[in-house]
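The values are calculated or read from the model by the stated rules, or taken from the named source; none is laboratory data. The structure presented is a predicted model; accordingly, all values stated were derived computationally and were not measured. Neighbour counts are summed over all protein chains in view; Cβ atoms, including those assigned to glycine, are modelled from backbone coordinates with ideal geometry. Each accessible area value is taken on the protein alone, full model and side chains, heavy atoms only, with ligands, DNA and RNA left out. Shrake-Rupley method; radii C 1.70, N 1.55, O 1.52, S 1.80 Å.
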Amino acid sequence: MSDILTIADLKDLARRRVPKMFFDYADSGAWTESTYRANEEDFGKIKFRQRVLVDMSNRSLESTMIGERVAMPVALAPTGLTGMQHADGEMLAAQAAEEFGVPFTLSTMRICSIEDVASVTKKPFWFQLYVLRDKDFVLNLIDRAKAAKCSALVLTLDLQILGQRHKDIRNGLTAPPKFTPRFVAEMMFKPGWAFRMLGTRRHTFRNISGHVSDAVNLAKLSEWTRTQFDLTLNWKDIAWIKKRFGGPVIVKGILDKDDAQLAIDNGADGIVVSNHGGRQLDSAPSTIRVLPEIADAVGHKTEVLMDGGIRSGQDLLKALALGAKGALVGRIMAFGLGAGGEAGVARALEIVRKETDTSMALMGERDIRNIGLHNIYSNDLERRQGY
Ligand code: GLV
């Protein structure tokens with residue numbers, strides 16, 4: 001792993017090691033993928049102020065997210081099918097996060113279950129909830145998250161219906177994969193992935209298996225989502241979810257300042273500015289573009305986190321400068337897992353840590369909690385206002 005210097009290196013390695021259908025699942029956005037691309041590209045338009053001859057000793061990346069101490073203000077995002085990037089991927093990513101000192105979020109749509117992850121971790125993790133039509137099942141999921149001592153519930157609001165990802169349909173995505181001649185041939189070039197997958201029994205959606213028998217057919221994911229997800233979910237639902245969980249509820253999928261206010265009015269303990277990694281509404285703005293106006297509107301009332309497009313420590317610093325308290329990273333984790341399991345995720349976090357630390361020093365900052373708009377080069381500040 002020592003020759004892996006950037007997240008792009010990890011991504012290249014993951015592409016070589018993971019079956020195409022699962023790599024593509026992670027590396028995709030909805031329809032034209034314009035929002036997926038914009039999430040990354042818009043970070044590139046923002047420039048830092050470089051400051052010199054500032055004491056740069058004793059730097060600290062420590063902060064808090066939703067009241068928890070974090071070694072760096074990053075949490076691993078809930079991503080579907082993580083256990084298909086690498087056998088037992090969720091458990092390995094959770095262990096890497098714990099070791100590094102950042103929160104891990106287990107998704108409803110993951111391969112390993114709440115109990116699987118709890119069995120290999122000591123610290124509490126976060127649980128991401130999709131609200132399905134079957135309320136008894138949702139209540140049961142919340143209770144399981146509580147029993148596993150999850151310290152926050154992340155409620156995803158932007159996927160009650162699925163944005164179409166062409167690659168998944170073209171690849172005939174299933175979990176576990178179907179042994180078509182094409183897939184079997186591919187395994188000859190990805191023996192490590194296949195070998196490890198044979199060594200685990202975790203191949204399907206273990207949070208929901210038993211509940212939904214055809215959950216494995218991901219090619220029909222939009223059909224499945226249509227029948228299982230609650231299209232009537234509304235702001236009022238936050239209250240019963242919060243009451244049942246009894247801990248902080250973070251709502252994810254906020255891309256509009258009016259929605260940010262509604263989230264607060266309805267009891268959210270934090271928001272994640274997110275367009276679901278460009279996987280839902282194609283042509284929605286990038287998250288880094290809308291972050292400043294949302295942070296301006298509600299940042300003094302609630303904790304604003306963001307996700308989407310972060311591929312470096314510099315990106316993280318830009319998100320913090322424009323008003324986020326921390327960021328969630330999903331693809332970084334998926335690429336790390338695909339490239340090298342737990343060591344790959346640890347490497348991803350280490351790359352981001354080093355980039356953040358060195359860049360912060362070059363910006364004349366010693367404490368990540370002091371990063372703010374004053375670190376952004378002013379011409380870009382103007383451009384930001386005129387986007
Ligand atoms: C699930 O959350 C997905 O984006 O595929």
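Table for the structure above
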{"read-out": "Some residue of the range 326-349 being closer than 21 Å to Phe48 by Cβ, modelled with pLDDT of 95 or more and not β-branched (Val, Ile, Thr)", "value": "yes"}
{"read-out": "Those residues of the range 114-132 which are open to solvent by 10 Å² or more (accessible area, probe 1.4 Å), away from the ligand (no atom under 16 Å from the Cβ) and assigned to a loop (DSSP other than H, G, I, E, B), in sequence order", "value": "Thr121, Lys122, Lys123, Pro124"}
{"read-out": "Condition met for Lys242 (surrounded by 18 or more Cβ atoms within 10 Å (Cβ to Cβ), over 20 Å from Leu317 (Cα atoms) and more than 16 Å from the ligand (Cβ to nearest atom))", "value": "yes"}
{"read-out": "The range 24-78, subset touching a Lys or Arg at 6+ places or on another chain (Cβ under 6 Å) and among the hydroxyl-bearing types (Ser, Thr, Tyr), residue surrounded by the fewest Cβ atoms within 10 Å (Cβ to Cβ)", "value": "Ser28"}
{"read-out": "Residue match in the range 86-93 (condition: touching a residue at least 12 places away in the same chain (Cβ under 8 Å), open to solvent by 60 Å² or more (accessible area, probe 1.4 Å) and outside any loop (DSSP other than H, G, I, E, B))", "value": "no"}
{"read-out": "Residue under evaluation Met197, criteria (1) modelled with pLDDT of 90 or more; (2) more than 16 Å from the ligand (Cβ to nearest atom); (3) of a type outside the set (D, E, K, R); (4) more than 19 Å from Gly340 (Cα to Cα), criterion not met", "value": "(4)"}
{"read-out": "Residues of the range 100-134 satisfying the condition of being under 18 Å from the mean Cα position of the chain (by Cα) and of a type in the set (Gly, Ala, Ser)", "value": "Gly101, Ser107, Ser113"}
{"read-out": "Out of Ala185, Ala175, Ala145, sole residue that is away from the ligand (no atom under 13 Å from the Cβ) and surrounded by 14 or more Cβ atoms within 10 Å (Cβ to Cβ)", "value": "Ala145"}
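Each row is one residue, and each column tells you yes or no for (1) within 20 Å of Arg311 (Cα to Cα); (2) outside any loop (DSSP other than H, G, I, E, B).
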{"residue": "Asp9", "(1), (2)": "yes, yes"}
{"residue": "Met21", "(1), (2)": "no, yes"}
{"residue": "Asp24", "(1), (2)": "yes, yes"}
{"residue": "Trp31", "(1), (2)": "no, no"}
{"residue": "Ala38", "(1), (2)": "yes, yes"}
{"residue": "Asp42", "(1), (2)": "yes, yes"}
{"residue": "Met56", "(1), (2)": "no, no"}
{"residue": "Ala96", "(1), (2)": "yes, yes"}
